Amino acid sequence: MTVAAMCAAVSIVLVHGAFADGSSWSPVIEALQARGCRVAAVQNPLTSLADDVAATRAVVERQPGKVLLVGHSWGGAVVTEAGNLPQVRGLVYLSALAPDSEESVADLLARLDAPMQGLAPDANGRIWLDDPVAYRKLMAADVPAATVAVLAATQQPIAASAFVEKSRMRRGATSPAGM
């Protein structure tokens, strides 16, 4: 399917990862819109998996017709659950986490031997990644330093408790109709 055909068939909903917000998708949004795609970016509160799924579902439900959900990093866990809405026709995982049913992101990272080393919650239970050096090491090793500095300055902390919430949906739990 060509990009033009895909854009005519679905709306694209982009779901950001931890330590970011919807604006991190700006270059992608611009490129897709230039090709005539209808695109929306979710603003996840990063307060819990359930809250992020609810925010994503709200954006999906506002789209006309069929939806392609795209998740990056933490956003993969979110689209895994939100992807079971009837209008969702596909899930795209971009360097994303995809926990199995009843598995948390922390469980998944441990299973993959990829723990988030050195990240500890603050007194309010939030994990910050606002140091550009740490941000680059954990999230953006191949991104220019100036861009990493902006990402670190605008990062949104995530609730540490979100990482231990169990996924309630199994990938592929639905078999949506073709595009």
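The values are calculated or read from the model by the stated rules, or taken from the named source; none is laboratory data. Remember, it's a predicted structure, so these values are computed and weren't measured experimentally. Please note: Cβ atoms are built from the backbone with ideal geometry, for glycine as well, and neighbour counts cover all protein chains shown. Just so you know, the surface numbers come from the protein's heavy atoms only, side chains and all, with ligands and any DNA or RNA stripped out. Shrake-Rupley method; radii C 1.70, N 1.55, O 1.52, S 1.80 Å.
Stretched out straight at 0.36 nm per residue, the stretch from residue 3 to residue 131 would grow longer than its current Cα-Cα span by 42.4 nm.
Packing-based ranking of 94-104, 150-160 yields 150-160, 94-104, ordered from highest to lowest mean Cβ neighbour count within 10 Å. The phi-based Karplus calculation (6.51 cos²θ - 1.76 cosθ + 1.60; θ = phi - 60°) puts the 3J(HN,Hα) values of the stretch 158-165 at 10, 5, 4, 5, 4, 5, 9, 5 Hz, whole numbers, x for Gly and Pro.
Here is how the number arises for the chain: DSSP H runs of 4 or more residues each give -39500 (n - 2.57), the sum is divided by the residue count, and the result at 222 nm is -10000 deg cm²/dmol. For the stretch 76-147, with all protein chains in place and a probe radius of 1.4 Å, 56% of the accessible heavy-atom surface sits on carbon or sulfur. Between the residues 139, 163, 58, the greatest Cα displacement towards the positive end of the dipole of the chain, with unit charges on the Cβ of Lys, Arg, Asp and Glu, is found for 58.
Between residue 101 and 171, the built amide H atoms are under 5 Å apart, and every one of these is 5 or more places off in sequence or on another chain.
Each Lys and Arg contributes +1 and each Asp and Glu -1, all at the Cβ; summed about the Cα centre of the stretch 60-118, the dipole is approximately 400 debye.
For the stretch 45-51, 3J(HN,Hα) computed residue by residue from phi via the Karplus equation (6.51, -1.76, 1.60; θ = phi - 60°) reads x, 6, 9, 5, 4, 4, 5 Hz, glycine and proline entered as x. Taking amide H positions as modeled 1.01 Å from N, with prolines and chain starts lacking one, the residues under 5 Å from residue 41 and 5 or more places away or on another chain are 14. Helix 145-154: angle to the longest alpha-carbon principal axis of the chain, degrees 0 to 90, nearest 10? Between the helix axis and the principal axis of the chain, the angle is about 90 degrees.
Remark: the chain carries a charge dipole of roughly 620 debye about the Cα centre, counting +1 on each Lys and Arg Cβ and -1 on each Asp and Glu Cβ. Backbone phi angles across the stretch 96-108, fed through the Karplus curve with coefficients 6.51, -1.76 and 1.60 (θ = phi - 60°), yield HN-Hα couplings of 10, 8, 9, x, 6, 4, 6, 10, 8, 5, 4, 4, 4 Hz in residue order; Gly and Pro are listed as x.
For the chain, the solvent-accessible area works out to 50 Å² per residue, with a probe of 1.4 Å and every protein chain left in place.
Assuming charge only on the beta carbon of Lys and Arg (+1) and of Asp and Glu (-1), the dipole of the stretch 78-155 about its Cα centre is about 260 debye to the nearest 20. Each principal axis of the Cα cloud of the stretch 24-134 was taken in turn, and the coordinate range along them, longest first, works out to 42, 33, 26 Å.
Share of carbon and sulfur in the accessible area of the stretch 1-48 stands at 57%, probe radius 1.4 Å.
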